[in-house]
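Chemist: Here you go, one structure.
The values are calculated or read from the model by the stated rules, or taken from the named source; none is laboratory data. Note that the coordinates shown come from a computational prediction; the quantities given were computed from them, not determined experimentally. Heads up, the Cβs are rebuilt from the backbone with ideal geometry, glycines too, and the neighbour counts pull from every protein chain shown. Ligands, DNA and RNA are stripped out before the accessible areas are found, and what is left, the full protein with its side chains, is counted by its heavy atoms. Shrake-Rupley method; radii C 1.70, N 1.55, O 1.52, S 1.80 Å.
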Amino acid sequence: MDADTCLIGGCTEPLYAPAGTQSLCKEHFLQFVVWRRKKGGLGMFKKYCALNMEERDVIVEEWAKTTFSTSAS
């Protein structure tokens, strides 16, 4: 977790957990976990656990795009 701010731009909450090679605050991390569960259920959790940090970035970026698009609406 080498970033000083949450991956979601404009968020000023303290960092809580890693998301790939970046970090998320607690609120955004919980949203990410819920999104992963809805996207693929238990299979998605197992797949994510098996990925290295750089591979997780792809999934985090996909989630971040959905977060940015829903918050802009």
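Chemist: Search the stretch 41-66 for residues that are open to solvent by 70 Å² or more (accessible area, probe 1.4 Å) and modelled with pLDDT of 85 or more and pair each with any residue that is part of a helix (DSSP H, G or I) and among the hydrophobic types (A, V, I, L, M, F, W, C) when their beta-carbon atoms are under 6 Å apart and the residues are at least 6 apart or on different chains.
Modeler: Within 6 Å, no pair qualifies.
Chemist: Given (1) at pLDDT 90 or above; (2) open to solvent by 40 Å² or more (accessible area, probe 1.4 Å), identify the lone condition not met by Leu24.
Modeler: The one condition Leu24 does not meet is (2).
Chemist: Please go through the stretch 1-31 and pick out each residue that is under 17 Å from Asn52 (Cβ atoms) and either in contact with a helix residue (DSSP H, G or I) (Cβ under 8 Å, 6 or more places away or on another chain) or polar (S, T, N, Q) (or both).
Modeler: Scanning the stretch 1-31 gives Ala17, Pro18, Ala19, Gly20, Thr21, Gln22, Ser23.
Chemist: Could you list all residues from the stretch 7-20 that are part of a loop (DSSP other than H, G, I, E, B) and under 10 Å from the mean Cα position of the chain (by Cα)? Break it down stepwise before answering.
Modeler: Within the stretch 7-20, the first condition is being part of a loop (DSSP other than H, G, I, E, B), and the residues that meet it are 7-14, 20.
Those that are part of a loop (DSSP other than H, G, I, E, B) and under 10 Å from the mean Cα position of the chain (by Cα): Leu7, Ile8, Gly20.
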